[in-house]
Amino acid sequence: MGDPTGFLRIKRKQSGYRPVEERINDYSEVETKLSDGDRQAQASRCMDCGVPFCHWACPVANVMPEWQDRVYRGDWAGAWAILQDTNPFPEFTGRVCPALCEASCVLGANDEPVTIRQNELAVIEKAWQMGIVTPQPPRKRNGKKVAVVGAGPAGLSAAYFLNRAGFSVTVYEADRKLGGYLRYGIPDFKLDKSFIDRRVRLMEAEGVVFKTNHRIGSALFGFGTGGSGAEIVEAKDLETSFDLVLLTIGAREARDLKAPGRENAGIVQALDYLSLQNRAIAGERAGEKDESLEPITAFGKRVVVIGGGDTGSDCVGTANRQGAAKVTQIEVLPKPPEHRPDSAPWPLWPTVLKTSSSHLEGGERLWSVNTKSFKSGEGAKKGSVDAIQLCRVDWKMENGRWNMIEVPGSDFEIGADLVLLAMGFTHVVQQGLVADLNLETDERGNIRTKGSFHTSNAKVWAAGDSRNGASLVVRAIADGRAAAEAIIQTL
Ligand SMILES: Cc1cc2nc3c(=O)[nH]c(=O)nc-3n(C[C@H](O)[C@H](O)[C@H](O)COP(=O)(O)OP(=O)(O)OC[C@H]3O[C@@H](n4cnc5c(N)ncnc54)[C@H](O)[C@@H]3O)c2cc1C
Ligand code: SF4
């Protein structure tokens, strides 16, 4: 521990965002950076508390006190060496992780926690800048071949560790580019896609083989995914050509809202909306006449986002950038408390009100509101959504369960030209690959894994959201790493 009194003298200072009036006109990352000196001061706030609960809370088990100390001393290479032992992709988590660690930081028990996520990002970006993140191919190959299906964070993480351990790894990805929801879900203003390309180039130099536009299995899969023009590879061909097949295909079955009027035009899944915008920024449509790549624009429209979570917030930020006339985000659950509730004492993760950079850019948020129906327009607008009919709800605890009760006489209407459904994901897409391989699914509809990562087919394993359900980038990375460790032990 470099500075035993840092936490007493120095206050938490966040990186901050670019001004709203500037960032709303582009899709570049909104978060700014602190100077090296400020960053080192922030790292000095780590108390080296003895029992670092941050380490316990972090799914990849980063050892924060050790690398905070190196940052404080200006030893960026030393900090990076420790960080990369546990986290293969700090440039992704440093940008988009909700920082589960910070909710458990011991300093956070009676002060503001250490800026762990932003310190993590500073370490990895400094390491790239210093040229010390270089390819580390294995010294020799072990003759074993593994196919990874799906190049989201779980698949990339598994491929990274398996390849470094000497396995020959081929990653099959149905979409045009690699990254899964890192690339086609999370907006560019949170994660610039060049950082995925930079990491992929490094993994290629280490020997990982990536095959994009290769869809495994018979059917199209999930919302927000491309791959309709991809080459189709039979799942059984992989089973015969590889020693093991690891599925990391995500949980891409989006929850729908079966309310009257749902068939009207202008009601779309958030993922279709967000991914088309990301594809447009990447220039994927340029030179092609593919209508399916035409972005859905919110320009001049009254936008209603249904779902108060992170995907909904990404829709708010995108709609504001596209020039929406008005943006309203609605959520059926009550407004969360602003501070940690007694039901989630430190060091547990608390559900508290989250105000993202997108919320600060404009729009209204409503809680405890349920959708009753969608109304079509008249005349030229017939068949297209024009309004959404809502009511207020109360939540009451009955027999140990929360029940939603409609508030009598509370019906109201909001005008809407574009409705974005951002209500989360139910499970892995079961048509196509999962059905082709006859894999068992669990009670939540995800791929059932037995013991560790084995599915009901001994040669096929699964990791990430496809077996755990929709979760977080850091959990997908952790699961990909754990699957790789289990494969190394088994093969
Ligand atoms: C809009 C949005 C915003 C999010 N924001 C955040 C955030 O800020 N922070 C955070 O921590 N998490 C966030 N998440 C969640 C996070 O992105 C996911 O939990 C994570 O990407 C899951 O990783 P995965 O590798 O398991 O699956 P995915 O990222 O879903 O990747 C699965 C990959 O498999 C491919 N695939 C599927 N089927 C096949 C097939 N048959 N053949 C070949 N390839 C196939 C898909 O094309 C895809 O590339 C967000 C999610 C969304 C949708
Ligand atoms: S990966 Fe997430 S939880 Fe882990 S140290 Fe980084 S910000 Fe914290």
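Readers should treat all values here as calculations from the given coordinates under stated rules, not as data from a laboratory. Remember, predicted model here, so these are calculated numbers, not experimental data. Because the Cβ atoms are built from the backbone with ideal geometry, glycine has one as well, and the counts that use them run over all protein chains shown.
Please work out whether the range 299-394 counts as rounded, prolate or oblate from its C-alpha gyration tensor, where a ≥ b ≥ c are the square roots of the eigenvalues and a/c under 1.5 means rounded, while otherwise a/b larger than b/c means prolate and anything else oblate?
Oblate is the answer for the range 299-394, as a/c is 1.5 or above yet b/c matches or exceeds a/b.
Roughly how many debye, to the nearest 20, is the charge dipole of the chain about its Cα centre, given +1 on each Lys and Arg Cβ, -1 on each Asp and Glu Cβ, and no other charges?
Approximately 480 debye in magnitude.
Can you give the helix-only mean residue ellipticity at 222 nm for the chain, where every DSSP H stretch with n ≥ 4 adds -39500 (n - 2.57) and the sum goes over all residues, rounded to the nearest 500 deg cm²/dmol?
After summing the helix terms and dividing by residue count, I get -8500 deg cm²/dmol.
Let me make sure I get this right: for the chain, a, b and c are the square roots of the gyration tensor eigenvalues over alpha carbons, sorted descending. Under 1.5 in a/c it's rounded, otherwise prolate if a/b > b/c, else oblate. Which is it?
oblate
Please give the peptides 331-338, 142-149 ranked by average Cβ packing (other Cβ atoms within 10 Å per residue), highest first, as a rough proxy for protection.
Listed from highest to lowest mean packing, they are 142-149, 331-338.
Restricting to bridges with both residues inside the chain, how much of the DSSP beta-bridge set is antiparallel, in percent to the nearest 5?
Restricted to the chain, the bridges split so that about 40 percent are antiparallel.
What residues have an amide H closer than 5 Å to that of Y17, excluding those fewer than 5 places away on the same chain, when H is modeled at 1.01 Å from N in the peptide plane?
Excluding prolines and chain starts, which carry no amide H, the hits are T32.
Each residue of the range 47-60 in turn: what ³J(HN,Hα) in whole Hz from Karplus with 6.51, -1.76, 1.60 and θ = phi - 60°, glycine and Pro shown as x?
The phi angles translate into 8, 6, 6, x, 10, x, 5, 4, 5, 5, 7, 7, x, 8 Hz.
To the nearest 0.05, what FRET efficiency results for A61 and A344 with a Förster distance of 22 Å applied to their C-beta separation?
0.55
Going by amide H atoms built from the backbone, whose H comes under 5 Å of the H on F210, apart from near neighbours?
Residues meeting the amide H criterion: V171.
Beta carbons within 10 angstrom, averaged per residue: use that to sort the peptides 358-371, 23-36, highest first.
358-371, 23-36
List every residue whose amide H lies under 5 Å from the amide H of A265, counting only residues 5 or more places away in sequence or on a different chain, with H placed 1.01 Å from N in the peptide plane.
S384, V385
By a straight-distance test (C-alpha under 20 Å), which lysines pair with K354 as possible cross-link partners, with residues fewer than eight away in the same chain excluded?
K13, K190, K335
If packing is taken as the average number of other Cβ atoms within 10 Å across a peptide's residues, how do 291-303, 309-321, 421-433 rank, most packed first?
The packing order, highest mean first, is 309-321, 421-433, 291-303.
Defining a contact as two alpha carbons under 8 Å apart and six or more residues distant in sequence, what relative contact order in percent does the chain show?
This gives 16 percent for the chain.
Which ³J(HN,Hα) values, rounded to whole Hz and listed in residue order, are derived for the range 444-460 from phi using the Karplus coefficients 6.51, -1.76 and 1.60 in 6.51 cos²θ - 1.76 cosθ + 1.60 with θ = phi - 60°, glycine and proline given as x?
Values, residue by residue: 8, x, 8, 5, 6, 10, 10, x, 10, 10, 5, 8, 6, 9, 4, 8, 10 Hz.
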